[in-house]
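Here's the structure we're looking at; comments come further down.
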Amino acid sequence: ECKRNLETKQSKLQTLQAAAKLYSDRLGLSFQHSQGETNSLRLTFTQIDRRDPEKPFCFDVCVKDDNTYEIQQVVPDVNGWRQLEQDLNKDNDFSKFVRKMRTIFRESL
């Protein structure tokens with residue numbers, strides 16, 4: 001039983017690592033956990049600005065005690081992210097939120 005649970009967890013981890021590599025390779029998306037006061041997750045995109053493909057576009061996401069999301073430190077600051085934060089807290093669709101953040105970063109150029 002224990003061995004089967006471990007194998008299942010390892011399989012899930014490998015799947016997540018493969019997905020993270022795909023996001024990194026194709027979209028220039030990386031994740032970094034911050035263990036500071038906010039215990040947030042930093043999402044950084046590259047491959048957005050054709051003139052400077054390595055230019056980072058990032059934001060921090062924190063899950064508050066009431067299980068709502070709080071977006072912090074959007075760099076560069078772009079219009080529209082506050083509405084996306086509200087939408088995320090309504091529908092809880094994190095994947096859609098990340099895609100839309102990428103879109104507003106791209107549209108800000």
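The values are calculated or read from the model by the stated rules, or taken from the named source; none is laboratory data. Here the structure is a predicted model, which means the values were calculated and not measured. Cβ: placed from backbone, ideal geometry, glycine included. Neighbour counts: every protein chain shown. All accessible areas refer to the heavy atoms of the entire protein, side chains included, with ligands and DNA or RNA removed. Shrake-Rupley method; radii C 1.70, N 1.55, O 1.52, S 1.80 Å.
Details
- Maximal additional length on extending the Ser95-Tyr69 stretch stands at 8.0 nm, based on 0.36 nm per residue less the C-alpha distance.
- Estimated FRET transfer efficiency (Lys12, Ser34; beta-carbon r; R0 22 Å; 0.05): 0.40
- Lys, Arg +1 and Asp, Glu -1 on Cβ, resulting dipole of the chain about Cα centre, debye, nearest 20: 520 debye
- Nearest-10 value in Å² for the accessible area of Phe97, using the 1.4 Å probe: 10 Å²
- Surface composition of the chain: carbon and sulfur atoms hold 48% of the protein heavy-atom accessible area at a 1.4 Å probe.
- Taking 7 Å steps out from each Cα toward its Cβ at Tyr23 and Asp87 produces label points 1.8 nm apart.
- Magnitude of the charge dipole for the range 1-40, about its Cα centre and with charges confined to Cβ atoms of Lys, Arg (+1) and Asp, Glu (-1), is about 200 debye.
- Packing-based ranking of 7-13, 47-53 yields 47-53, 7-13, ordered from highest to lowest mean Cβ neighbour count within 10 Å.
- Estimated Rh, the chain: Kirkwood, alpha-carbon pairs, angstrom: 15.3 Å
- Crossing angle, helix 2-27 versus the chain [Cα axis fit, 0-90 degrees, rounded to tens]: 20 degrees
- Filter on Lys9/Lys96; Lys3/Lys64; Lys64/Lys96; Lys3/Lys100; Lys21/Lys55 - keep pairs with C-alpha separation over 30 Å: Lys3/Lys64; Lys3/Lys100
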